[in-house]
Amino acid sequence: MSHRLERSTFIPRPRREVFQFFANAHNLGRITPPFLNFRILTPDPILIRAGARIDYTIGLYGIPMKWKTLIEEFVDDSHFIDLQISGPYKLWRHRHEFHDVQGGTSMTDTVDYQLPLGPLGRIAHRLFVRAQLRAIFDYRAKIIRELFP
C-alpha cells in the first residue's frame, strides 16, 4: 500500500537561494532531527544532479541503517527528486518543488512511500511510522523557519 506525505513551507527568500540550500547535500543534516543520527557516507564533493548517488546512515530506534539515494530528476531552480535505491522503505520517492510566491518561495515536499512486510508494514504505519514522518517534517519546517527568518 502506498502512502503520501505532502508539506508546503513558505520561505521568505528568493527561490534561487532556497533551491541552492536544498540542493546542497550537507544541509540535509542541518534539517534532520538529531534522533535520526543522520550521517553522509559519500565523500565530497557531492554534486546534486540527475544520476547522482548519495549514501548515508540513519538510526531508527537505535538501529543504524544504510540508505542509498539516486537523484532521479534535477531541474535547476525548479525541483529535484530523490529515490531510495536501498534502505528501510520498500519505496521512497521524495519530490522537492520550489515556486516563486509573493515575498519569497514556496517549497513543497511530496513523499510517496511504501513500507515492507505487507500487513506488518501497514500496522507499523498506523502505529508509529506515519506519526514519526510527520514529526520529522515538522522538525524540518521549524529549523527552516529558524534558518530563513
- prompt: If one takes the longest principal axis of the Cα atoms in the chain, at what angle in degrees, from 0 to 90 and to the nearest 10, does the Cα axis of helix 130-147 lie?
  reply: 20
query: Just in region 53-149: which chymotrypsin sites (Phe, Trp or Tyr not before Pro) are loop by DSSP and have at most 10 other Cβ atoms within 10 Å?
result: 61
- request: Just subtract the alpha-carbon distance of residue 39 and residue 147 from 0.36 nm times their residue separation and send over the number in nm, one decimal.
  value: 36.9 nm
- request: Go ahead and estimate [θ] at 222 nm for the chain from helices alone: -39,500 (n - 2.57) per DSSP H run with n ≥ 4, summed, over the residue count, rounded to 500.
  value: -7500 deg cm²/dmol
message: If N is the number of residues in the chain, what value comes out of its Cα radius of gyration divided by 2.2 N^0.38 Å?
response: 1.03
message: Can you tell me, using C-alpha contacts under 8 Å and at least 6 residues apart, the relative contact order of the chain as a whole percent?
response: 28
query: Gap in Å between the Cα centre of region 1-45 and the Cα centre of region 77-133?
result: 12
- request: Give, in nm to one decimal, the length gained when the segment between residue 47 and residue 13 is fully stretched (0.36 nm per residue of separation minus the Cα-Cα distance).
  value: 10.0 nm
- prompt: Between 105, 11, 87, whose Cα lies farthest towards the positive end of the dipole of the chain when Lys and Arg beta carbons carry +1 and Asp and Glu beta carbons carry -1, centred on the Cα centre?
  reply: 87
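Values in this text are rule-based calculations from the coordinates and carry no lab data. All of these numbers come straight from a predicted model, not from anything done at the bench. Neighbour counts run over all protein chains shown; Cβ positions are idealised from the backbone, glycine included.
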